[in-house]
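Below is one structure; the comments refer to it alone.
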Amino acid sequence: MHNNIWRVLGLAVCPVILLGALFHAASLVGYAVYSQSSPDMRIIDVAIMASGLCAAFEFVRAVRRLIGKHMMASLEIVK
C-alpha cells in the first residue's frame, strides 16, 4: 500500500508539480525580459521552484523503478 502511494505520487502528481514550477519560472523570466528589470524573488517563488526540483528527482526515481521492474520481469520470462 505504501509503495503504491509513492508510485502514484511519483508518476502522476510529480509531473504536474514540475510543470507548474516550470511555468512559474518561465513567467518570472518573461517578466524580467518584458520589463527589462529583475523580478523581486519572494520566498514563495523559491519554494515553488524548489518543489519543482524535488518533483523532478522523484519522477526520475519512479520511472527508473518502473523500468527496473519491467526489466526484471522480462528476465524472469526468459528463464
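The values are calculated or read from the model by the stated rules, or taken from the named source; none is laboratory data. Just so we're clear, the structure is a prediction, and the values are computed from it rather than from any experiment. No Cβ is skipped: glycine too gets one built from the backbone with ideal geometry, and neighbour counts run over all protein chains shown.
Looking at the stretch 1-12 only, could you name the residues that are surrounded by 12 or more Cβ atoms within 10 Å (Cβ to Cβ) and either without any contact (Cβ under 8 Å) to a residue 24 or more places away in the chain or of a type in the set (S, T, N, Q) (or both)?
The initial filter retains those residues of the stretch 1-12 that are surrounded by 12 or more Cβ atoms within 10 Å (Cβ to Cβ), namely 6-11.
Within the stretch 1-12, just 8 meets the criteria.
Can you find, within the stretch 14-68, the residue that is nearest to residue 3 (Cα to Cα) among those that are more than 11 Å from the chain's Cα centre (by Cα) and among the acidic types (Asp, Glu)?
By that ranking, first place goes to 45.
Matching residues to (1) of a type in the set (A, V, I, L, M, F, W, C); (2) in contact with a Leu (Cβ under 9 Å, 6 or more places away or on another chain); (3) modelled with pLDDT of 90 or more:
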site: 21; (1), (2), (3): yes, yes, yes
site: 33; (1), (2), (3): yes, no, no
site: 69; (1), (2), (3): no, no, no
site: 72; (1), (2), (3): yes, no, no
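Of everything in the stretch 29-61, what is farther than 26 Å from residue 10 by Cα and either of a type in the set (A, V, I, L, M, F, W, C) or in a helix (DSSP H, G or I) (or both)? Give them in sequence order. Walk me through how you get there before you give the answer.
Taking the stretch 29-61 as the starting set, the residues that turn out to be farther than 26 Å from residue 10 by Cα are 29-42.
Passing the criteria: 29, 30, 31, 32, 33, 34, 35, 41.
Just give me the residues in the stretch 39-56 being surrounded by 14 or more Cβ atoms within 10 Å (Cβ to Cβ) and among the charged types (D, E, K, R), in sequence order.
45
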